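Let me begin by presenting the structure, written as structure tokens, before commenting on it.
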Amino acid sequence: MIAFKRALLAVAGIGLMAGSGLVLAQETPTAAPAGVKLVEAAAVQALQGKGAVLIDTRKANEYADGTIKGAISVPYDPEKSAKDAGFDPAADKFDMGKIADKNKDYVVFCNSGTCWKSYKAAVVMAKAGYKNVHWYRNGFPDWKARKLPME
């Protein structure tokens, strides 16, 4: 009986956390997907200095609220697939019309390790034949915390 009460309390606690938004989002993988390079802020700056295109994959309103200086908005939206490395890109929308040159360097980012948009965009780009895709996993929050150029 005691074990049953503990299990019931545990389930109720999880339900309360979920209802209050306290459930932690699933983290993106810590390694880059196949055909993609994982980069940190210093590498992003170096790549941008050499002409890389920075792609903010967050929703348009998030981009409008602030982004990395010089980044373009290419939202991975709507994102309907599972937040999982084995996601189904056919369930989502990512318009690569603004990034037609498959030989350029691209850096994709979003809102850190719990935001899947840039991970998924990197996967889609690599599978579509883009040769120089870089994933800034720590994303905009890291950039902002480092007080790097924003707009």
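The values are calculated or read from the model by the stated rules, or taken from the named source; none is laboratory data. The model shown is predicted, which means the values in this text are computed figures rather than measured ones. With ideal geometry, Cβ positions are generated from the backbone for all residues, glycine too; neighbour counts draw on all protein chains shown.
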Being aliphatic (A, V, I, L, M) and in a loop (DSSP other than H, G, I, E, B) is the filter; apply it to the stretch 80-104 and report the residue that is farthest from A52 (Cα to Cα). A82
Residue tally, condition among the hydroxyl-bearing types (S, T, Y) and either without any contact (Cβ under 8 Å) to a residue 12 or more places away in the chain or touching a strand residue (DSSP E or B) at 6+ places or on another chain (Cβ under 6 Å) (or both), over the stretch 96-149: 3
Among K50, K98, the single one that is modelled with pLDDT under 95 and exposed (fewer than 12 other Cβ atoms within 10 Å of the Cβ) is K98
Meets criteria (of a type in the set (A, V, I, L, M, F, W, C) and touching a residue at least 60 places away in the same chain (Cβ under 8 Å)) for A91: no
Here is a list of conditions, (1) part of a loop (DSSP other than H, G, I, E, B); (2) modelled with pLDDT under 95, and A34 meets all of them except one; can you say which number that is? (2)
